[in-house]
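See below for the structure under consideration.
Just so it is clear, none of the values below were taken in a lab; they were calculated from the coordinates. Bear in mind that the values here come from a model prediction, so they are computed numbers and not experimental data. Note that we place each Cβ from the backbone using ideal geometry, even for glycine, and neighbour counts take in every protein chain shown.
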Amino acid sequence: MSARELLDDFRESFEQRRFAAGLLLAFIAFFRELNVFGRGYRDFSAFLEEYPLSQISARGGRANTLVVEIRQPGEAVPELASIRPAYNAAETSIRVEHRRYDYPNCAPHATGQWHDYRHWLDALVTLSPSDAEWLANAVEAHVLSVLPSHDVDYGELPPLERSFSRLLEGFDLAKQGREPPGAAFQGAVYAYIRADAPHLHLEVARAGAGSKRLGRVGDIDGWDGERLVLSVEVKHYSLDGQSAAQVGPFLAEVTRRNALAIVAAQALDAPATRYITDCGGRVLDVPSLLQLVDLWDPIKQRAAVQAFVYYVHHIEKKKPLIDRLAAFLRAQPRQM
């Protein structure tokens, strides 16, 4: 049987037994490793005269696949060579490197069927190195042409955007024109909490509404059922050591409830940060907010943008801020 006839026989077998591809490639690699091609063997039996079959596997158990003995002069115990490593390599190449996941993952079963392909072994040992190389390439090409690729052209996927990061960087969170003071900044903090903790029920009102008058602990309260989990006091200006004292009662109340207290401000100096953390709270300013958000995946960032849009439209409900946000979003190169 010539290399071309062997290829035709393989193609027919491949229709019924997909693992035949890996088995044939394993045979070729196995014989190549033993330097069989071009040696002039008449058939597989002649090969076995030099490399006897072993009934024991390399692990010491009963051999379930093609294992032969390699006898070295002066050594009482022969080395063992198996087709299993070559089959594993062929299966990995087809399934992983070429992403043909329809190829079966069945190395133990496949290599255990080697007896069914004695006629391939008879033909293979007679081939020249060039014919064996041609056959291996033809087998692989046939497999890749028949089995569909599961590869994805990631270049065709639209890029995922850092949308909330871009909003924090490009949308001025300070008061503009007739907008309510602190509205944009409080909306950004709300959007951050909403996207970062979607499991919490958030209570928030428009900026300057007065959380105490509304029975809330902070400007943004996060609840798990009846329990306060976190509360955020939002200051749309910079806090220094002296002005930070005004959040003392807020920190005491949240700490008393064993909840997480966060003070969000446009900026905080070192004394303000130290005062808040010494009282058991955490601080959040624009730079740290951006640093945290940059770690988010793009889908989570998109959720934060939508939370910001919701806050502007349904919590603040101020047309100047609504119009400014709409203009900003329209100006972005991709929809946020």
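Rounded to the nearest 0.05, the FRET efficiency derived from the C-beta distance between GLU12 and GLN55 at R0 = 35 Å is 0.65. Panel order for THR126, THR92, by other beta carbons found within 10 Å of each beta carbon, from fewest to most: THR92, THR126. Between ASN258 and ALA327, full extension at 0.36 nm per residue minus the direct alpha carbon distance yields a gain of 20.7 nm. Around the Cα centre of the stretch 3-146, unit charges on the Cβ atoms of Lys, Arg, Asp and Glu (plus for the first two, minus for the last two) sum to a dipole of about 400 debye. By DSSP, the beta bridges lying fully in the stretch 163-330 are antiparallel in about 45 percent of cases. Just name one of PHE27, VAL67, PHE47: the one whose Cα is farthest towards the positive end of the charge dipole of the stretch 1-157 (beta-carbon charges, Lys/Arg +1, Asp/Glu -1). Projecting each Cα onto the dipole axis, the largest value belongs to VAL67. Rounded to whole numbers, the Karplus 3J(HN,Hα) couplings from phi for the stretch 230-239 are 8, 9, 10, 9, 9, 10, 8, 9, 7, 10 Hz, using 6.51 cos²θ - 1.76 cosθ + 1.60 with θ = phi - 60°, and x at Gly and Pro. Label reach from SER2 (point 7 Å along Cα→C-beta): in the stretch 10-44, amide nitrogens under 18 Å belong to 10-12, 38.
At q = 0.08, 0.11, 0.20 Å⁻¹ the log10 of I(q)/I(0) for the stretch 3-146 amounts to -0.21, -0.40, -1.27, computed by Debye summation with a single uniform scatterer per C-alpha, solvent ignored. Taking the longest Cα principal axis of the chain as reference, the axis of helix 319-330 is set at about 20 degrees.
How much of the DSSP beta bridge set in the chain is antiparallel, as a percent to the nearest 5? Show your work: numbers first, answer last.
On the way: 15 of 26 bridges.
If I count the DSSP bridges inside the chain, around 60 percent turn out antiparallel.
Got a sec? How would GLU50, GLU91 order by Cβ neighbour count within 10 Å, fewest to most?
Details: GLU50 14, GLU91 23.
Exposure proxy ranking, most exposed first: GLU50, GLU91.
For helix 129-146, what angle does its Cα long axis make with the longest principal axis of the chain, in degrees from 0 to 90 and rounded to 10? Its long axis makes an angle of about 40 degrees.
Rounded to the nearest 20 debye, the dipole size of the stretch 164-289 about its Cα centre is 280 debye, using +1 on the Cβ of Lys and Arg and -1 on the Cβ of Asp and Glu. Student exercise: in the chain, how many lysine pairs 8 or more apart or on different chains have Cα atoms under 16 Å apart? Total qualifying Lys-Lys pairs in the chain comes to 5.
How large is the dipole of the chain about the Cα centre if only Lys and Arg carry +1 and Asp and Glu carry -1, each at its Cβ, rounded to the nearest 20 debye?
Numbers: 38 positive and 43 negative charges, 397 e Å.
The dipole of the chain has a size of about 1900 debye.
Starting with the fewest neighbours, write out VAL152, VAL36 ranked by other beta-carbon atoms found within 10 Å of each beta-carbon. Before the final figure, lay out each step's value.
Details: VAL152 9, VAL36 22.
Going from sparsest to densest Cβ surroundings: VAL152, VAL36.
Its relative contact order, with pairs defined as Cα atoms under 8 Å and 6+ residues apart, puts the stretch 163-330 at 26 percent.
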